[in-house]
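Here's the structure, in structure tokens; my notes come after.
The values are calculated or read from the model by the stated rules, or taken from the named source; none is laboratory data. Since we're looking at a predicted model, the values are computed, not measured. Side chains included, ligands, DNA and RNA excluded: accessible areas come from the protein's heavy atoms. Shrake-Rupley method; radii C 1.70, N 1.55, O 1.52, S 1.80 Å.
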Amino acid sequence: MSIDPASIAELAPPASLRIPAHIGVIMDGNGRWAKARGKRRTEGHIEGVKALRNLVELCINYGVANLTVFSFSSENWTRPKDEIVFIFNLLRRFVASDLQRLIRNNVQVRIIGSRDGLEPSLIRLIDDVEAKTAANTGLVLIVAFNYGGKAEIAEAARKLAREVAAGRLSPEAITEDRIAGALYTAGLPDPDLIIRTSGEQRISNFLLWQAAYAEFVFVEENWPDFNEDSFVRVLETFARRDRRFGGVEAVQS
Ligand code: IPE
Ligand code: IPE
Ligand code: MG
């Protein structure tokens, strides 16, 4: 019997838990979680919010500095209207019920994504939660809502093109840093780790630019089932990864 050295590496116990400075999460599988229990998809979304609340607490306890969660993609507009309305109302309810707790826990909230197509009252709510938590110095919780990675890059390109057209920027000055600074995530470190639940193994337009050197960990459980055990298992997997960033030696992150 031959043993694949790669599988030995995966089985080895972690040297220690390395805490990523930025974790991105594609919270997928709410609908399948509900379907498996004979419930409506919307009930899966309600349970998904509970899992998110739990994850925020875990990130605070484990000392993660930045957490980006994917909660509504620019492609999710293709879903039935009533499901879209439900998800939008869930965001409103989450803000209403959790804002005080987030403030108490020193969490800074940023909501990234396109404001196009959002109702003015929702935009006001987003601005309000960002303003009320802006001075907080603990976990930065970035909610990707009405977010698409390609749209974000296109928006950054338009912004820079306008600067060039106005004569304020030369094309040669458009560097990687300049593009990164024109994205919604300006000023944030790139994610070290991206987790996707529900067994799907794709990026679905999440943080395309920022994910250039992220480690991906795919887990089988649907998002509402993601708990502390799942979180620790993912961190252990991350700790065993050899991050080389194109070089030959592993780099500590
Ligand atoms: C993720 O769960 C939540 C959103 C995309 C809003 P899904 O709603 O995609 O659940 P599945 O993938 O259909 O199970
Ligand atoms: C990605 O999940 C978007 C969010 C988690 C918000 P989807 O369920 O929309 O992705 P696909 O359609 O399976 O790629
Ligand atoms: Mg899905």
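Points worth noting:
- Value of relative contact order over the range 3-148, rounded to a whole percent, pairs C-alpha under 8 Å and six or more apart: 28
- Exposure of residue 78 as accessible area (Å², to 10), given a probe of 1.4 Å and all protein chains: 130
- The range 197-253 and the range 141-190 have Cα centres separated by 25 Å.
- Residue 204 accessible area, assembled protein chains, probe 1.4 Å, Å²: 50
- Cα-Cα separations in the range 90-215 greater than 25 Å, expressed as whole percent: 36
- For the range 182-188, backbone phi angles converted through the Karplus equation (6.51, -1.76, 1.60; θ = phi - 60°) give residue-by-residue couplings of 9, 7, 4, 8, 3, x, 9 Hz, Gly and Pro being listed as x.
- Entries in 50/132; 35/159; 81/150; 50/150; 50/159 that, when Cα-Cα distance is taken, lie over 31 Å: 35/159; 50/159
- The chain - percent of accessible surface contributed by carbon and sulfur, probe 1.4 Å: 53
- Overall form of the range 116-160 per C-alpha gyration tensor (a/c, 1.5; a/b vs b/c): oblate
- Calculated mean residue ellipticity at 222 nm for the chain: -14000 deg cm²/dmol, from DSSP H runs with n ≥ 4 weighted as -39500 (n - 2.57), summed, divided by the residue count and rounded to 500.
- Of all DSSP beta bridges confined to the chain, the antiparallel ones make up roughly 0%.
- Area accessible to solvent at residue 43, 1.4 Å probe radius, in Å²: 60
- √(5λ) per eigenvalue of the Cα gyration tensor, the chain, largest first, Å: 29, 26, 18
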